[in-house]
Each structure stands twice: as C-alpha cells, then as structure tokens.
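Q: Let me begin by handing over the structure; questions about it come next.
Derivation of every value follows stated rules applied to the coordinates shown; laboratory data play no part. Note that the structure is predicted; figures quoted are calculated from it, not measured. Cβ: placed from backbone, ideal geometry, glycine included. Neighbour counts: every protein chain shown.
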Amino acid sequence: MNATYDVVIIGGGISGMMAAITLVGCGKKVAVVSKGDPVCCFSTGCVDVLADGENPLKGIGSLPEHHPYHLVGDKGIAEALGLFRGIMSAEGIPYVGDVHANRRVLTSLGRSKVTCLVPETMDFSDIDPHESLHILSFHKMKDFYPQYITSRYAKAAYSTFDAGVTTTVGIAERFEDSDFLDTFTTWMRGLAIQEERIAVPAVLGRGSSGAVYHRIGGECGRTVFEIPTLPPSMPGLRLFGGLKNAFLRRKGDLYWGRGIYSVEKLGNQIEAVTLTGPGRSTRVEGKAFILATGSFVSGGLQASRDAVMETVFNLPSYLPPGTRDAWFQDDFFAVGHEIEKAGIRVDASFRPLGTEIENLYVCGSILAFSEVMKYRCGHGMAIATGVAAAKACMGAYSGI
Ligand SMILES: Cc1cc2nc3c(=O)[nH]c(=O)nc-3n(C[C@H](O)[C@H](O)[C@H](O)COP(=O)(O)OP(=O)(O)OC[C@H]3O[C@@H](n4cnc5c(N)ncnc54)[C@H](O)[C@@H]3O)c2cc1C
C-alpha cells in the first residue's frame with residue numbers, strides 16, 4: 001500500500017496531534033503515524049505551562065536561553081493554548097483556566113499540584129484546607145485511598161459506593177450507563193452530605209464526563225470536582241481521545257500502532273517512510289515530515305552507556321557534557337537531572353540542527369533543553385511547539 005500526504009507526522013502525543021490538527025485545519029492532507037498511546041494518557045489531564053510563579057507566561061522570559069518556549073514566544077504560546085481550548089470544547093471536554101494564572105488542583109495523595117488549564121470537572125479543585133469536603137469514593141478502588149486526603153484536611157470525610165468494579169477505567173465505563181448513574185445519584189442523595197464541596201476520583205465517565213459531572217452537581221446542589229488518579233488516568237485518556245477525534249473529524253489519516261521500519265531519502269529531502277505492522281508493508285510519502293516521538297519515556301530518544309540516539313532518523317542529539325555519571329543527581333527525586341536536557345536542537349523554524357535534511361520539523365518533549373520535569377511545562381510545551389512547528393512547516397517549506 002502507498003499513500004501520499006502533504007505532511008506526515010510521526011508520533012501521536014499532544015505535540016503531534018496539535019501539529020496535525022493545525023495542518024488539517026489549513027486544508028493540508030495529513031497522516032499521523034504512532035506506535036502506541038502517548039504519555040498524556042498517564043497524566044492528570046491538566047495542562048502545565050510553567051509551574052513556577054503565579055503567571056506562567058511571565059515566567060517564560062526567565063527560562064534559560066535555549067528553552068524551546070523561546071522559539072514560540074508569549075503570544076504564540078497563548079494562541080496555541082487558545083486553539084487547544086477551542087478544540088477540546090468542541091469535543092465536549094472543555095478546559096477552564098487563564099493562561100496568565102497558575103492554579104492548584106487536589107491530587108489523590110492529598111497534596112496540591114500547580115498547573116494552568118484544567119478540565120472543567122476540576123474547576124473547583126483549588127480547595128482551602130479549612131473548607132469542608134466530602135469525598136465520594138468507591139469500594140476497593142485500585143490506587144485511590146481517600147484517607148490520604150482526609151488525613152490532611154481537618155474537615156474532610158468520605159463515603160464509599162460499591163460500583164461492582166474496582167479499576168479506574170472500569171468504574172468510568174459504568175458511569176456511561178444511565179441506570180448506573182441513577183443508582184449512584186440515589187445513593188448520594190441518601191447520604192445527605194453537609195460538607196461544602198464534594199470530590200470524586202476522576203472516574204465520571206469516558207466520553208460523557210461533562211454530562212455526568214453536571215448531573216451529579218445538580219443533584220447534590222454542591223460544588224463538585226474530580227480528583228486526578230494515578231495512571232491510567234481518565235482525564236488523560238479523555239484529553240487524548242478529544243485530540244484524536246478532532247483530527248479524525250477533520251479527515252486526517254491515523255496509522256495507529258505502527259512504528260517506522262525504514263526511511264527513504266532523496267538528496268536533502270525525506271521522501272517516504274515505511275511502517276512496521278502486520279501484513280503488507282505500508283509506504284507513506286510526504287512533502288514534509290514532523291517528528292513528535294517524545295522523549296525517553298515514549299522511545300523517541302534512547303540512551304546507551306555513553307550516547308543518546310534519536311530513534312527514527314538518527315538525528316544528532318544533544319547530550320549533556322561529561323560522563324554518564326553527570327547525567328543524574330544522587331537524589332533520584334531531585335529536580336533538574338542533566339539528562340533532561342538531552343534531545344534534538346532546532347533552528348527558529350523547528351528544523352533539526354546538524355543535518356542536511358530540509359523537509360523535517362521537530363516538536364514536543366523530544367526537543368533539547370525542554371526539561372519538562374524541572375519546569376513542569378509538559379503539555380503546555382507540547383501544545384505550543386506542536387502548533388508552532390506546523391506553522392513553520394507551512395510557512396517555510398514552499399512545497400506544501
Ligand atoms: C507519568 C507522567 C505524567 C505526566 N503528567 C503531566 C501532567 O499532568 N500535565 C502536564 O502538563 N504534563 C505532564 N507530563 C508531561 C507530558 O505528559 C509530556 O511532556 C507531553 O505530553 C509530551 O508530549 P509529546 O507529544 O511530546 O510526546 P509523547 O506523549 O511522548 O508522545 C510521543 C508519541 O510518539 C510515539 N512514538 C515514539 N516513537 C515512535 C516511532 N518510532 N514511530 C511512531 N511513533 C512513535 C509514541 O508511541 C507516542 O504516542 C507527564 C509526564 C509523565 C511521564
């Protein structure tokens with residue numbers, strides 16, 4: 001099988017999907033090739049932009065000079081986040097928040113996490129320790145212990161509902177059934193909850209989370225919010241599902257579960273990639289390519305004893321100076337391990353440095369110096385650089 005596109009995007013994480021949606025939105029014929037589910041499926045679903053300080057956009061100016069955010073700029077970042085919100089809203093998973101203000105969400109460990117944009121189901125999650133809170137938990141639910149929260153909040157209590165299943169995804173799927181939702185709300189009303197706010201682990205449905213959330217809030221007459229759980233995370237899965245649906249709705253082609261078997265080049269151009277997978281091989285031609293394969297966790301980068309490799313095009317990767325000992329700090333949980341700087345360096349048009357290839361662009365957490373954990377800028381940087389790389393690709397490469 002042979003297919004031809006304007007742009008082929010390799011990697012279906014947030015950066016790749018945002019690049020893809022930007023391009024199809026401009027009438028381009030686009031394919032996304034991805035070998036597996038992206039990191040956002042394990043995430044809280046909240047969009048961290050830059051977690052230090054009150055105003056994430058203001059903080060960008062003080063990031064080190066090579067940080068990829070500087071290639072996008074404040075205005076570009078705000079626009080990309082606006083585009084993201086529009087897409088998610090149209091998919092029925094609205095995000096709330098202000099790109100100029102960080103906020104806090106309560107986590108399942110009873111601590112707060114600083115983030116920027118959150119799904120509407122977490123809008124009321126910034127709770128004062130003195131406020132009263134009632135947690136609606138689930139019998140034997142895996143990896144969710146309301147006691148972690150009640151031990152930190154003086155006026156918190158919890159009740160437990162038996163959903164008949166114990167996994168996050170299993171309970172979320174049960175909420176898609178209206179009979180189950182009726183039974184749950186009847187049980188909840190019977191509790192005659194007195195606390196000011198109600199929190200529920202993030203299991204309020206898969207695709208219908210908005211409707212389930214509003215129904216529960218309406219029935220109990222209280223402010224309700226979801227608490228992001230440990231992976232697998234429903235808000236993360238909803239986020240990914242929303243972007244995937246938005247792309248497919250705009251007639252993009254998705255090659256899911258497919259890696260790259262080989263790359264064809266002619267002169268300074270990449271012409272095509274052949275995909276791994278069962279049966280006949282699939283050859284995908286493109287006028288331009290965007291690499292969005294993520295960092296180590298997704299396999300976009302691979303480390304050996306003394307080198308870091310980019311796994312699709314074998315692009316030159318930045319590696320922190322010194323021996324491998326210098327890659328990590330002694331304290332595993334410390335922020336700012338040097339290895340986080342590893343990745344692909346790009347020019348102002350998101351083209352990789354140190355290669356002759358002309359029709360290749362790079363975005364997302366594979367970019368050198370992004371230091372996602374240190375700056376807590378994960379999804380925000382993926383969104384901003386994904387949109388910017390797509391625009392650079394359309395603007396700079398005349399073949400599209
Ligand atoms: C556990 C965890 C929790 C996090 N939580 C948050 C959070 O709550 N909020 C936040 O803002 N950030 C969070 N982050 C950071 C954030 O998830 C990432 O930085 C961001 O989503 C990365 O997006 P990406 O598109 O660059 O890459 P990825 O999400 O890594 O996607 C890369 C994609 O490329 C595919 N791929 C890789 N190699 C190939 C290949 N050879 N061929 C085809 N496809 C390939 C992968 O299968 C994957 O689908 C978290 C990170 C981790 C690890």
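Q: Size of the dipole of the stretch 1-148 about the Cα centre, Lys and Arg at +1 and Asp and Glu at -1 on the beta carbon, nothing else charged, in debye to 20?
A: 440 debye
Q: Quick one: of the DSSP bridges fully inside the chain, what percent are antiparallel, nearest 5?
A: For the chain, the DSSP antiparallel bridge percentage is about 40.
Q: While we're on this one: Take every DSSP beta bridge with both residues inside the stretch 116-229 and express the antiparallel ones as a percent of the total, to the nearest 5.
A: 0 percent
Q: For a quick check: with amide H placed at 1.01 Å from N, whose amide H comes under 5 Å from Thr4's, ignoring anything fewer than 5 positions away on the same chain?
A: Counting only residues 5 or more places away or on other chains, the set is Glu285.
Q: Work from the charge dipole of the stretch 108-227 (Cβ charges, +1 for Lys and Arg, -1 for Asp and Glu, about the Cα centre) and give the residue of Tyr145, Trp187, Thr160 farthest towards its positive end.
A: Comparing the listed Cα positions along the dipole, Tyr145 ranks first.
Q: Asp177 versus Ala101, label points 7 Å from Cα toward the beta carbon: distance in nm?
A: Here the answer is 4.1 nm between the modelled labels.
Q: While we're here: Quick query: amide H of Glu131 versus all other amide H atoms, modeled in the peptide plane; which residues come in under 5 Å with a sequence gap of 5 or more or a different chain?
A: Hits under the 5 Å cutoff: none.
Q: Also, quick follow-up: Per q in 0.19, 0.22, 0.30 1/Å, what log10 I(q)/I(0) does a Debye calculation on the alpha-carbon atoms of the stretch 165-225 return?
A: -0.66, -0.89, -1.41
Q: If you don't mind, there's one more thing I want to ask. Go ahead and run the numbers for FRET between Glu54 and Ala334, Cβ-Cβ distance against an R0 of 25 Å, rounding to 0.05.
A: 0.55
Q: For Ala199, enumerate residues with amide H under 5 Å from its amide H, sequence gap 5+ or separate chain, H modeled in the peptide plane.
A: His134, Ile135, Leu136, Phe225
Q: Which of rounded, prolate, oblate describes the stretch 1-106, given a ≥ b ≥ c as roots of the alpha-carbon gyration tensor eigenvalues and a/c under 1.5 marking rounded, otherwise prolate only if a/b is larger than b/c?
A: The shape class here is prolate.
Q: Per-residue ellipticity at 222 nm for the chain, helices alone: DSSP H runs ≥ 4 residues times -39500 (n - 2.57), over residue total, nearest 500 deg cm²/dmol?
A: Here the helix-only value at 222 nm equals -8500 deg cm²/dmol.
Q: Pull up the cross-link candidates among the aspartates and glutamates for Lys251, meaning alpha carbon to alpha carbon under 18 Å and not fewer than 8 places away within one chain.
A: Asp6, Glu91, Glu285
Q: Calculate one ³J(HN,Hα) per residue across the stretch 10-15 by plugging θ = phi - 60° into the Karplus curve 6.51 cos²θ - 1.76 cosθ + 1.60, and present them in order as whole Hz with x for glycine and proline.
A: Whole-Hz 3J(HN,Hα) from phi for the stretch 10-15: 9, x, x, x, 4, 5.
Q: Here is a further query. Can you classify the stretch 108-227 as rounded, prolate or oblate using the Cα gyration tensor, where a ≥ b ≥ c are the square roots of its eigenvalues, rounded means a/c under 1.5, and otherwise it's prolate if a/b beats b/c and oblate if not?
A: Rounded shape, in that the Cα axes give a/c under 1.5.
Q: Let me ask something additional. Of the candidates Gly27, Gly267, Gly257, which one comes out as most mobile in a Gaussian network treatment of the chain with C-alpha springs shorter than 10 Å?
A: Between Gly27, Gly267, Gly257, it is Gly267 that shows the largest mean-square fluctuation.
Q: Can you work out the FRET efficiency for the pair Glu271 and Glu219, with r the C-beta to C-beta distance and R0 = 60 Å, to the nearest 0.05?
A: With a Förster radius of 60 Å, E is 0.55.
Q: Decide, for the chain, between rounded, prolate and oblate: order the square roots of the alpha carbon gyration tensor eigenvalues as a ≥ b ≥ c, take rounded if a/c falls under 1.5, and otherwise choose prolate if a/b is larger than b/c, else oblate.
A: Prolate, because a/c is 1.5 or more and a/b exceeds b/c.
Q: Across the stretch 31-45, in residue order, what do the Karplus-derived ³J(HN,Hα) couplings come to in whole Hz, using 6.51 cos²θ - 1.76 cosθ + 1.60 with θ = phi - 60° and x for Gly and Pro?
A: Values, residue by residue: 10, 10, 10, 9, 7, x, 5, x, 4, 4, 5, 9, 8, 5, x Hz.
Q: In the stretch 239-290, what is the volume of the convex hull around the alpha carbon atoms, normalised per residue and reported in Å³?
A: Taking the convex hull of the Cα positions in the stretch 239-290, it is 100 Å³ per residue.
Q: Pick out which of Pro56, Pro316, Pro228 has the largest mean-square fluctuation in a Gaussian network model of the chain, springs linking Cα atoms closer than 10 Å.
A: Checking each option, the largest mean-square fluctuation is seen for Pro316.
Q: For a quick check: sort Phe42, Phe161 by the number of other beta carbons within 10 angstrom, fewest at the front.
A: The most exposed by this proxy come first: Phe42, Phe161.
Q: Below 10 angstrom from the Cβ of Val24, what's the summed charge of the other residues (Lys, Arg +1; Asp, Glu -1)?
A: +3
Q: So which of Lys75/Lys287; Lys244/Lys391; Lys35/Lys341; Lys28/Lys391; Lys113/Lys155; Lys341/Lys391 end up more than 18 Å apart, counting from Cα to Cα?
A: Where the Cα-Cα span goes over 18 Å, the pairs concerned are Lys75/Lys287; Lys244/Lys391; Lys35/Lys341; Lys113/Lys155; Lys341/Lys391.
Q: Dipole size in debye (nearest 20) for the chain around its Cα centre, Lys and Arg Cβ +1, Asp and Glu Cβ -1?
A: Dipole of the chain, to the nearest 20 debye: 680 debye.
Q: Spin-label point model (7 Å from Cα, Cβ direction): what's the Leu248 to Glu195 distance in nm?
A: Going from the Leu248 label point to the Glu195 one covers 3.7 nm.
Q: Test of understanding: in a Gaussian network model of the chain with alpha carbons linked when under 10 Å, which of Asp143, Asp330, Asp347 would top the mean-square fluctuation ranking?
A: It is Asp330.
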